[in-house]
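Down below is the structure, laid out as structure tokens.
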Amino acid sequence: GHIHNFTPLIWTELFFFLFPLNFFIYGINDIYDRESDEINPRKGGVQGAILRKDEINRVKWLSGGGIFIFLFISALSKNWEHLFFALIFVLAGLLYSHPFLRFKEIPFLDSIVGGPLVYLTPALIAFTTHSSFFDLPLRALLIALPFIGFHAVSTLKDEKYDKMAGMCSTGIFLGRRKTLLFALLLTGLPLIYFVAAKDVFITSILGTITAGIILMVFLKLKQDDDLILPITAIFVF
């Protein structure tokens, strides 16, 4: 919120979120998703690599090294709330894909861990550099609900090939239409709240996403990539 909040710690952690931590999350995912990736024609290019066996150890070492340095830097803040959310982010990213728990194959838990815990925790890590988590307005936590729905919809992209590999995500468990309705519910509830609160900015974003999900339901679009044009048109309107 203020220029004095941009400390060397924040710039360093920002760098880690730009590349090393993304490499960690998607690298771990590529290691343990090889079976489904190998039969998925969407993989092997810009949509995701198919790791060779001789690359796996290298990815593990690079991912682990980046995580160790990141947590060490977070600990230097001597801010235990900050370090706590850094640990939550790392554990969520690891256990989402790792066979030890592999949350990505547990319906609903996959979308809770892979949605808000992975993609919203960085915001909490940033927030706790200058404020306590307990100072966060309760309504801000409502933003977590749409992220659960976003993740559930994203699993539909690979539904066919994940099912062939014996996996069971929220999208596979509910099926396409119910997954979209599930996402619509989780986006619609916060939307109602923010409309009532007259928060124009968040209402416009959630309204656009809600309209996009409705289009997916009624137009029967094959994948969320097909929504880029209609969502842009709705948002501009």
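The values are calculated or read from the model by the stated rules, or taken from the named source; none is laboratory data. From a predicted model like this one, the values you see are computed outputs, not experimental measurements. Here the Cβ is made from the backbone with ideal geometry for all residues, glycine too, and neighbour counts use every protein chain on show. Please note that ligands, DNA and RNA were not included when accessible areas were found on the heavy atoms of the full protein model with its side chains. Shrake-Rupley method; radii C 1.70, N 1.55, O 1.52, S 1.80 Å.
Side notes on the structure shown:
- Check: the stretch 76-175 dipole with +1 on Lys, Arg Cβ and -1 on Asp, Glu Cβ, in debye: 60 debye
- Phi-based couplings in Hz for the stretch 70-78 (Karplus 6.51, -1.76, 1.60; Gly and Pro marked x): 4, 5, 4, 5, 4, 5, 5, 5, 6
- Positive-pole candidate from Val113, Ser132, Asn22, dipole of the chain, charges at beta carbon: Val113
- Under a Gaussian network description of the chain, with springs only between Cα atoms under 10 Å, the residue in Gly212, Gly48, Gly93 that fluctuates furthest is Gly48.
- Projected onto its three principal axes, the C-alpha set of the chain covers 53, 51, 29 Å, listed from the longest axis down.
- Subset of Lys53/Lys104; Lys157/Lys198; Lys78/Lys198; Lys53/Lys157; Lys104/Lys198 violating a 29 Å alpha-carbon distance limit: Lys157/Lys198; Lys78/Lys198; Lys104/Lys198
- Shown is the FRET efficiency for Phe84 and Phe19, computed with R0 = 25 Å from the Cβ-Cβ distance and rounded to the nearest 0.05: 0.60.
- 20 Å Cα-Cα reach of Lys43 towards aspartates and glutamates, excluding residues that sit fewer than 8 places from it in its own chain: Asp30, Asp33, Glu35, Asp54, Glu55, Glu105, Asp158, Glu159, Asp162, Asp224, Asp225, Asp226
- The charge dipole of the chain, taken about its Cα centre with unit charges on the Cβ of Lys, Arg, Asp and Glu (plus for the first two, minus for the last two), comes to roughly 360 debye.
- In angstrom, the C-alpha Rg and Dmax of the stretch 7-50 are 14.1, 46.
- Of all accessible heavy-atom area on the stretch 90-170, the percent that carbon and sulfur account for (1.4 Å): 72 percent
- Inter-label distance for Phe134 and Ile56, nm, one decimal - labels placed 7 Å from Cα along Cα-to-Cβ: 4.6 nm
- Burial order of peptide ranges 185-191, 198-204 (average beta-carbon count within 10 Å, highest first): 185-191, 198-204
- Probing with 1.4 Å while keeping every protein chain in the model, the per residue accessible area of the chain equals 57 Å².
- Across Phe23, Phe103, Phe89, mean-square fluctuation computed from a Gaussian network of the chain (C-alpha pairs under 10 Å connected) peaks at Phe23.
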